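Each reported figure results from applying straightforward, stated rules to the coordinates on display, with no laboratory input. All of these numbers come straight from a predicted model, not from anything done at the bench. FYI the Cβ positions are ideal-geometry reconstructions off the backbone, even for glycines, and counts take in every protein chain you see.
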Amino acid sequence: MSIPSPISPLPNEVYNAVQLRSLIPIALSVLLIGAPAARAADNPYERGPAPTNSSIEATRGPFAVSDTRVSSLVSGFGGGTIYYPTSTSSGTFGAVVISPGFTGTQSSIDWLGPRIASQGFVVFTIDTITIYDQPDSRASQLLAALDYLTQRSDVRSRIDASRLGVMGHSMGGGGTLRAAAQRPSLQAAIPLTGWHTTKNWSSVSVPTLVIGAESDSVAPVATHSEPFYTSLPSTLDKAYLELNNASHFAPNLPDTTIAKYSISWLKRFIDNDTRYEQFLCPGPGRSTQVEEYRNTCPNS
């Protein structure tokens, strides 16, 4: 006659059910704790909340911004103003340098500084060495300003030097294309109603958003922005945005359309933030603000 064990083993099906119930809270806690970390690991450069039309059309984004002046005595360019997110809690930021056009100073493009910086970038609006500098000189100055920004500026510790872009108006836009051709490690380029005697930019490998203006009589789109865009490689991430009924000087005043698509381009290619693709692909249709939009987005 066998003596029953004082602690009888549970039947297999009961034991398995108990085990499963005990593991459910652990599994849920792993999922809840691990999910944000996994999302962050997918894109460590993502900055700011999920974008909406309202958030990228706003005059200020989610980041508070401070600024600091750079003396005209600095070598390589004519000084300028650096706009940067005040908080460092999000980590480092991508950076953009912006050049004015022929006879222009940084005051002609300084509205872009705080507007873009407030979306999570360090932005440097520069003066050129002389107001008459030609596009290729402005390209050299854009690159010199990027090097100053990442190596010697007071805010260099806030910048991820591997994530940089250039922008510019008119001859500064021509300089932007040249800078992109000379430094393929850049992540984004945006010429604004650009002017350059060179029309073929097939050597550029930097994602480029060309912004032209329908009524531009200084750098007509037919002889500047359109051939610039067309000459860029068809395999390149590129887009062409033509402002409806706008002049060559549209980038010199606050402009929601310029800001919206410039911010989206910089976010997508400097921050690798695919949340902004919704504004670029397929992009805007014809409207009172947009005359035409082209791109190389898949299936657009």
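Output the Kirkwood hydrodynamic radius of segment 231-283, Cα pairs only, in Å rounded to one decimal.
Values: mean 1/r = 0.0806 Å⁻¹.
Taking the inverse mean of 1/r over all distinct Cα pairs, segment 231-283 comes out at 12.4 Å.
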Q: List Ile109, Ile190 from most exposed to least, where exposure is judged by having the fewest other Cβ atoms within 10 Å.
A: Ile109, Ile190
Q: Using the number of other C-beta atoms within 10 angstrom as an exposure proxy, rank Thr197, Thr230 with the fewest first.
A: Thr197, Thr230
Q. So what are the ³J(HN,Hα) numbers for segment 193-202, from phi and the Karplus equation (6.51, -1.76, 1.60; θ = phi - 60°), rounded to whole Hz, Gly and Pro as x?
A. 6, x, 10, 6, 6, 6, 10, 9, 10, 5
Q) When a footprinting reagent is the concern and you count Cβ atoms within 10 Å, what order do Lys267, Lys260, Lys238 take, fewest first? A) Lys260, Lys238, Lys267
Q) Of all the Cα-Cα pairs you can form in segment 53-295, what percent are over 22 Å apart? A) 45
Q | Difference of contour (0.36 nm per residue) and Cα-Cα distance, Ser157 to Ser75 | A | 27.5 nm
Q: Report the net charge of residues surrounding Arg294, where surrounding means a beta-carbon distance below 10 angstrom and charges are Lys +1, Arg +1, Asp -1, Glu -1.
A: -2
